[in-house]
Amino acid sequence: MQLLVRGVHIQVTDALREYCEIHLGRALDRVLGREPAVQVEVHLVDTTGENKGGVDQEARVTVHVPGHPALHVTERSDEIHRAIAAACDRVERAAKKYVDRRHDHSGPALADLPTEGS
């Protein structure tokens, strides 16, 4: 997994980068396994600036798996770590939903079914 963490009006420290890597890695490993081609972009945003309070911390996560559409999730909270954790949960659920939809649940093809005369 390749992880890119960027901050908009937030300084991305090593601890914050590691927090993203651990939580997103754990969430995606459960669903996608250890596929090395997965690229994850995380944008951490403080929408009102650092001097104002409120629900203004935002984590935007985009997961790119080659050959599949990108998965994008945005979560807001009053604290950046909570926003990251919530985004990780949503990414895991969305990836699991996508993987389940991709599997063939239709059963055997009509040509493979036995006929009455045989």
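Tell me, which residue of segment 23-49 that is open to solvent by 80 Å² or more (accessible area, probe 1.4 Å) and in a helix (DSSP H, G or I) is nearest to residue 95 (Cα to Cα)? Checking each candidate, the answer is 30.
Test residue 59 against the criterion of being loosely packed, with under 12 Cβ neighbours inside 10 Å and of a type in the set (A, V, I, L, M), and give yes or no. So residue 59 fails the test.
Is it true that residue 101 is open to solvent by 90 Å² or more (accessible area, probe 1.4 Å), part of a helix (DSSP H, G or I) and either modelled with pLDDT of 85 or more or among the hydroxyl-bearing types (Ser, Thr, Tyr) (or both)? Against the criterion (open to solvent by 90 Å² or more (accessible area, probe 1.4 Å), part of a helix (DSSP H, G or I) and either modelled with pLDDT of 85 or more or among the hydroxyl-bearing types (Ser, Thr, Tyr) (or both)), residue 101 does not qualify. Here segment 67-88 is the region considered, the condition is being more than 21 Å from residue 12 (Cβ to Cβ) and open to solvent by 80 Å² or more (accessible area, probe 1.4 Å), and the residue that is modelled with the lowest pLDDT is 67. Of the residues making up segment 1-22, just one is open to solvent by 80 Å² or more (accessible area, probe 1.4 Å), in a strand (DSSP E or B) and under 21 Å from residue 47 (Cα atoms), namely 6.
The values are calculated or read from the model by the stated rules, or taken from the named source; none is laboratory data. This structure is a prediction, so every number in the text was calculated from the model and none was measured. Here the Cβ is made from the backbone with ideal geometry for all residues, glycine too, and neighbour counts use every protein chain on show. Heads up: the accessible areas ignore ligands, DNA and RNA and are worked out on the full protein's heavy atoms, side chains in. Shrake-Rupley method; radii C 1.70, N 1.55, O 1.52, S 1.80 Å.
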